[in-house]
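Since the structure comes first, as structure tokens, the remarks are kept for the end.
The values are calculated or read from the model by the stated rules, or taken from the named source; none is laboratory data. Everything numeric here is computed off the predicted structure, so don't read it as measured data. Positions of Cβ are generated from backbone atoms using ideal geometry, with glycine treated the same way; all protein chains shown enter the neighbour counts.
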């Protein structure tokens, strides 16, 4: 997505009071404490182990690190994880 497209999407989102994750195609990550994580708006699972999960989204990927990580539910654009969350890192595509 070009810089101009991002600016236009941001302006339209602000004008219509739309959430940023919808306008900019960003993942929405909801945590319940440090044991449940709900990820929306992803495009696929890149890597999974009991200590690290990498999730693709349209503009990059997210790395989640923890202990005893388990995928409880996986749908087309939604993912429910359980385990002990230690860190979440975003890696945008260049």
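Some notes on this structure:
- Qualifying positions in region 28-37 - buried (at least 17 other Cβ atoms within 10 Å of the Cβ) and under 17 Å from residue 91 (Cα atoms): 29
- Taken across region 41-50, residues that are over 11 Å from the mean Cα position of the chain (by Cα), more than 29 Å from residue 11 (Cβ to Cβ) and surrounded by 13 or more Cβ atoms within 10 Å (Cβ to Cβ) do occur, with at least one present.
- Whichever residue in region 55-78 is out of contact with any strand residue (DSSP E or B) (no Cβ under 6 Å at 6 or more places or on another chain) and within 16 Å of residue 89 (Cα to Cα) and, among such residues, is surrounded by the fewest Cβ atoms within 10 Å (Cβ to Cβ): 58
- Here residue 21 clears all of (1) outside any loop (DSSP other than H, G, I, E, B); (2) modelled with pLDDT under 90; (3) crowded, with 16+ Cβ neighbours inside 10 Å; (4) in contact with a strand residue (DSSP E or B) (Cβ under 8 Å, 6 or more places away or on another chain) except the condition numbered (3).
- Filter result for the condition that a residue is within 22 Å of residue 93 (Cα to Cα), modelled with pLDDT of 90 or more and in contact with a helix residue (DSSP H, G or I) (Cβ under 9 Å, 6 or more places away or on another chain), over 40, 52: 40
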